[in-house]
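Readers should treat all values here as calculations from the given coordinates under stated rules, not as data from a laboratory. Please read all numbers here as calculations on a predicted model, not as lab measurements. With ideal geometry, Cβ positions are generated from the backbone for all residues, glycine too; neighbour counts draw on all protein chains shown.
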Amino acid sequence: MGSVGIEIERKYRLHAVPTSGVLLEHGAVARRLEQVYLAGVPPGRRVRRTEDTDGRVEHRLTRKERLRDFAFREEESVIDADEFQALLLEADPARRRIRKTRHVVPHGTQKLEIDVFEVPAGLVLLEVELATDDEVVELPDWIGEWVDVTGDPTYLNANLARSGCVVPDWDAG
């Protein structure tokens, strides 16, 4: 694979997606993402197609392995469209495709990645990648109500992709 590293991230569930005006005001850049989890060995493999608003498309093959609540070992490489299509033949039949719009918003030295999912409808997650486990995250008021779901396996994309996945109602956490 191309690059190998440790990804440290905090994850928050938002009550609602901020309005397009608020996102624009804070410099958000939107991307459409589609990711498919692959069956077989090694576990934790996925392919992702990302399309920017200017029409630029990128494909990646990634393998993630959970190290602790909010840290993952991640191996990732850019692949071409033909490799992406070929790898789709290895799709895990027990998991659906994840389709979401990601709004990337600069926030001080961090980036907020706000994911709006097609399925489950209405699910909005915010991720912040960190340099260290103890880096402080201060979320801005404009994101509205939120709850910290870091470490809750329900909100891992790999689990959200499972057929029959049910996300708790907002009031249930």
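Backbone geometry of the stretch 133-141 corresponds, through the Karplus equation with coefficients 6.51, -1.76 and 1.60 at θ = phi - 60°, to 3J(HN,Hα) couplings of 4, 9, 4, 7, 10, 10, 7, x, 4 Hz, x marking Gly and Pro. Normalised size of the stretch 120-173, defined as Cα radius of gyration per 2.2 N^0.38 Å with N residues, equals 1.28. Summing charges over all other residues whose Cβ lies under 13 Å from the Cβ of residue 56, with Lys and Arg as +1 and Asp and Glu as -1, gives -1. At full extension, residue 142 and residue 73 could sit 21.7 nm farther apart than now, given 0.36 nm per residue minus the alpha carbon distance.
A Förster radius of 41 Å, combined with the Cβ-Cβ distance separating residue 152 from residue 82, puts the computed FRET efficiency at roughly 0.65. Rounded to whole numbers, the Karplus 3J(HN,Hα) couplings from phi for the stretch 7-22 are 9, 10, 9, 9, 10, 10, 9, 9, 5, 7, 6, x, 5, 4, x, 5 Hz, using 6.51 cos²θ - 1.76 cosθ + 1.60 with θ = phi - 60°, and x at Gly and Pro.
Using a Förster radius of 22 Å, what is the FRET efficiency between residue 7 and residue 169 based on their Cβ-Cβ separation? Nearest 0.05, please. Walk me through the numbers on the way to the answer.
Details: r = 29 Å, r/R0 = 1.31.
FRET efficiency, residue 7 to residue 169: 0.15.
Between residue 34 and residue 162, the modelled labels are 2.5 nm apart [label points 7 Å from Cα along Cα→Cβ].
Taking amide H as placed 1.01 Å from N in the peptide plane, residue 96 has its amide H under 5 Å from the amide H of 162, 163, each at least 5 places away in sequence or on another chain.
Of all the options 79, 98, 114, the one that moves most in a Gaussian network model of the chain with Cα springs shorter than 10 angstrom is 79.
For residue 104, the shell of other residues with beta-carbons less than 9 Å away shows a net charge of +2, using +1 for Lys and Arg and -1 for Asp and Glu. With Cα atoms as the point set, the radius of gyration and Dmax of the chain evaluate to 15.9, 44 Å. Dimensions of the stretch 66-113 from C-alpha coordinates, computed as largest minus smallest value along each principal axis and given longest first, are 41, 26, 21 Å.
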